[in-house]
Each structure stands twice: as structure tokens, then as C-alpha cells.
1. Only residues that are open to solvent by less than 10 Å² (accessible area, probe 1.4 Å) and assigned to a helix (DSSP H, G or I): list them for the stretch 402-420, please.
2. Of the residues V513, V536, which is touching a helix residue (DSSP H, G or I) at 6+ places or on another chain (Cβ under 7 Å), within 16 Å of ligand 1 (Cβ to nearest atom) and in contact (Cβ under 8 Å) with a residue 24 or more places away in the chain?
3. Any residue at all in the stretch 104-120 that is open to solvent by 40 Å² or more (accessible area, probe 1.4 Å) and within 26 Å of A451 (Cα to Cα)?
4. Give me a count of the residues in the stretch 242-273 that are among the β-branched types (V, I, T) and within 16 Å of ligand 1 (Cβ to nearest atom).
5. From the set of residues in the stretch 274-299 that are surrounded by fewer than 17 Cβ atoms within 10 Å (Cβ to Cβ) and of a type in the set (D, E, K, R), which is farthest from ligand 1 (Cβ to nearest atom)?
6. So if I check each of Q522, Q483, which one is within 25 Å of the chain's Cα centre (by Cα) and in contact (Cβ under 8 Å) with a residue 60 or more places away in the chain?
7. Looking at K321, is it open to solvent by less than 30 Å² (accessible area, probe 1.4 Å) and over 22 Å from K87 (Cβ atoms)?
8. Anything in the stretch 313-327 that is within 16 Å of ligand 2 (Cβ to nearest atom) and not in a helix (DSSP H, G or I)? List them, or say none.
Amino acid sequence: MNKNLSFSVHPLTSCPLKSFPYTSDISSLPGVKLSYGTAGFRADASILSSTVYRVGILAALRSLKTQSVIGLMITASHNKVSDNGVKIADPSGGMLSQNWEPFADTLANAPTPQDLIQLIEEFVKKEDISFNGVRPAEVLLGRDTRPSGDALLKAAKEGITSIVGAVATDMGILTTPQLHWMVRARNKGMKASEQDYFEQLSSSFRCLMDLIPSEKSKFNGTNDRLVVDGANGVGGIKLEALQKLLSGLIIEVRNDGENGGVLNEGVGADFVQKEKVVPYGFGSKDVGIRCASLDGDADRLVYFSVLPEGSSRIALVDGDKILSLFALFIREQLSILNEQDLKNSHQAHLGIVQTAYANGASTNYLKQLGLEVNFTPTGVKYLHEKAAEFDIGIYFEANGHGTILFSESLVGWLEARTKELSSKSKGSEVEKAALRLLAVSKLINQAVGDALSGLLLVEVILQHMGWSIHRWNELYHDLPSRQLKVKVADRTAVITANAETVVVSPPGLQEVVNAEIVKYPQGRCFVRPSGTEDVVRVYAEASTQEAADSLANSVAKLVDQFLGSKTS
Ligand code: 16G
Ligand code: MG
């Protein structure tokens, strides 16, 4: 095939694709069908270069279309080290617009270079994408620590620069949330280097620390100590750099990839949350110490403490509990503002967003606090979109991905109000509450869930409350739950509604699932097709572990009966 195929993508727009390398591509492998899904394209790294090249083209086109800087991140998050993946950050720093996902899918699966060219031509025409000669496409590139990242970066750059005028800026090895943060900052005309990221996080952390009420017991002894499992990935390395700018907190990073540990192997937030055991490098010496775990690209965070029984078991403090801690703190500050600030014309609306995987006990707890709890399907893009509807929207998945979004109008109001209060009622409770909220909006990543910024916020809130990890974990007790995977002939046959809580197809399945659920006290169960694996997932919750296991097992059998086992 022609390696340097020159052609004009759009005759009217002079947007030529200069070359077409990587012709032996994943799309020609039998049985491989790529889907952008919830987390971008992921596969064994050895077959990904053409996909990454194509996503490079897509990123440059997206930049031309939006006239903004776009991000391209090379990572497979918590997958094994031999995998890699690629995903796009939109101008806001959020996930790629869902409107473009079908294009991403067809682009990645185009069987021949000619098909690819035709697809691009048609898409450019349909979307009316042109290069006006003034603002060329610009794409910021990031990659995690995977050894395959370098070669894939090269493929991405070639894809990007195959669009005339397009600029690919390599930002180096980064966490996924760092890249999203940088894209957002660039498009807002703000400083966007890694140093700027570290400075923003550390200065807002300092500000929150300074605002801790003096009567609250600050951490002492072992309590200012945190041990972090870095998943042998990029997060630990960045945390070590960040902590040099912090005071009032002693962080020990383990599994930082330095001592021969393998990325995500027996370590990391995904492992800890799913297996509920200590990650490698942790054990009985850590009983009683506050521990946290990041995933491979540091967009997930969970906490845990090692149980004293001498086993490898842990008390897991998952995304739901991080959400609950954040919600308590934000609610406290908002109620000071809403009740005590007479000038408060901006009664801020706080909304919580969870998925069906949130433990029912966490939802009950949040509702008992009087908070509005909303549900969306699984996947950050859905949670993020919903949270953005509120003045302050807090979203988390149980797996530890989440953040707090502040509306621009609330941030603007807080900025103005804190200025006013600093001259008229300096040191008042109202001023402190407004300053705290403003600092949280700067500390917590506004683009995407970020384990590093989330970790700093957890730490400062625990200090603010004077709480140990055990006190925090006692906020509520999780209902026992069980997750199962069912391999079926075609998982796309399962269609769900109401934020994945109800199966609408195949017909009749939900009815028999309901008939099972009613047999169990506090029973809850749902069935959904995975977005990342070729399986159907079953989640069940009930008042005892045996009951949760039994409910999950019976429903898994029903799924199997309705959908048939996978035939290879
Ligand atoms: C992806 C999603 C995560 C979701 C998970 C569910 C993003 C960035 N990541 O990792 O939010 O919880 O998929 O996987 O959206 P599943 O569909 O296989 O259950
Ligand atoms: Mg991740």
C-alpha cells in the first residue's frame, strides 16, 4: 500500500492529509472491533499504532472544528502493562463530545486506507471543518509510564501533523487528569504547565489548611502520615514531586515503579477496590495507618486501612465514602453562607451524582443529609455532564473516580464576595466559608476526576474535621454486595433504562430479576452490559453477604438463560 498517500481531504477547505503510515492496522485483524466506549480505545499495545495514528487525525480535526486546544492521552489506566490505549480531552478538559464517538469508532475500524480517507472526507464536509490559515489545530499530548507509550506517541504525532498546519505539543509523561487540566487551562488562557498544576494544587491546599478552625484538633503523631500505593504508575511519581510543595502532611509513596514493581500488578486502586485486600508492599506493619491507592493513570482514588487480624484484609474506604466526606464539607460551608450571609443573593444549589454501583447505604446516608441524589449510567462522561447542571455538583463512582464541579457563576460570585468580605468582615465565619469553597474550586480538578487533587482534599477535610480514617469510615456501613460477570453470546442484546437499573431488552428478563429481588431483605440488583469487556455484569446487594451472593448468582443464571452462553 502507498505509505505516503497525498490527497486533499476537502477540496473546498484545503485540508490535506499529507501521509498515511501504519497501514498494517488493527482494523485488518479478524474479529477485532474497536469501540471508543467510556474510556477510549484500549488493546494490546503491539496492535495499537494505527489506532493511535487515526485518533491523532481525529484530535487535529476536533481542534479545527472547535478552534481550541485538544488533548490526546496515551494510557490504558488500570489495565495490564502490556495494554495501552488512547483517549481525547475536549476543549473544556472533559471527555470527547459524545457526538463525535461514532466518527471515532468508524475511523478506528476503517478496513483500508482508502476507506479511512473517504470517511475523513465525508466527515470534514459534513462538519464543515476547515483550516482558515489563522488558527491551526493544536493538540497537547500526554502518556503514562507504559514502555509502549513512546512509540505510540510517535504515531499520534504523525496522525496530528498529517493535517496541514497542525501542531502536536508533547507535554511528557503525565497523569490523565493532568493532561485534562492543562487542556482546560490552555483554553481558558491560563498558565498550563505541570509546574502551574502543582502550584495551583499546593497553594489551594495551603489555603484550606490555614482555614482549619483552631479549636479543631489538628493531626498529631501518626495522624499526619499517609501511605500511598502508586500502582507502580505515573501517579506515585507525580505525588512525590507535588509533596515537595506541601507542608502539614507527610506522604510516603510505595509502589512508585522504582523498585521493579509492575504497573497495576497486585497494586493500584482498581485491584484494592475489587479484591478488598492489601496491595503489594502493605501488610501488618501498616495496621491503623491511613492508606490510599491510585490507579495506573491516577484518575481513581480509594482509601483503606489494614485490618488487625494479621490477614491481608482491609477496611475499604471507596469512592462513595470520599463523595460522602466531600458532600459533608461542602454542605457545611454552603449552609454557613446560605444562612448567615445576608448579602447572599446566590443560594447555591448542591447536587450529588452517583451510578447504580453506589452502595445503597451511601445513597441513604446522603439522602438523610437532605441532599439531592441523581443517578446516571456508568462512565465518567455521564456523571460529569449531570454534575455540571448544579452550582456545585459532586460526582463519584464507587471505584474512586470523581470530582466536584463549580459553576462559573458561583465561582465569580465567590470571588467578588470574598473580596467584599475581606474589607468589611475579615475573619468572619462567612468569609472563611466563602474562602474555603473558592479554594476547593481551585484544588479539585474541574476537568475530570483526579486522584492527586482528590487526595489533597480528603486530607485537608479530615484535618478540618479532626477525623481519623476510622471515624470517616464509620459515616455509614456498606451493605454487603457481590459483582459477577456473565459471558454471553452477544452482550449488546442487553438494553437498559433508568440509569442502567432496568433491563428493557430482552423482554421478560427484568420481571424475573424483580421476582428474585423481592426474596431478599434490602435486596437490590441490576444487570448491564460492560462498556470495557465482552461480558454482562450483575450487581447485587442485600442485608447479608450470603444473601447478596445468592441474589447475584440466581440473577447471573437468569441472564445466562435469557442470553445463552458465549460460543466461540
Ligand atoms: C471505564 C470508565 C469508568 C467506568 C468503567 C466501567 C471513564 C473514564 N472510565 O473505566 O468510569 O466505571 O469503565 O467499566 O469513563 P464497565 O463498563 O466494564 O463496567
Ligand atoms: Mg484510570
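1. L410, L414
2. Details: V513 fails: within 16 Å of ligand 1 (Cβ to nearest atom).
V536 is the lone residue from the list that is touching a helix residue (DSSP H, G or I) at 6+ places or on another chain (Cβ under 7 Å), within 16 Å of ligand 1 (Cβ to nearest atom) and in contact (Cβ under 8 Å) with a residue 24 or more places away in the chain.
3. No, every residue in the stretch 104-120 fails to be open to solvent by 40 Å² or more (accessible area, probe 1.4 Å) and within 26 Å of A451 (Cα to Cα).
4. 1
5. Out of the qualifying residues, it is K285.
6. Details: Q522 fails: within 25 Å of the chain's Cα centre (by Cα).
The match here is Q483.
7. Details: open to solvent by less than 30 Å² (accessible area, probe 1.4 Å): yes; over 22 Å from K87 (Cβ atoms): yes.
When the stated conditions are applied, K321 passes them.
8. From the stretch 313-327, those within 16 Å of ligand 2 (Cβ to nearest atom) are 318-319, 322; that's our starting set.
Selection gives D318 alone.
The values are calculated or read from the model by the stated rules, or taken from the named source; none is laboratory data. If you're wondering where the values come from, they're calculated on a predicted model, not measured in any experiment. Don't worry about glycine lacking a Cβ; one is built from the backbone with ideal geometry, like all the others, and counts go over all protein chains shown. The area values use the complete protein model at the heavy-atom level, side chains included, leaving out ligands, DNA and RNA. Shrake-Rupley method; radii C 1.70, N 1.55, O 1.52, S 1.80 Å.
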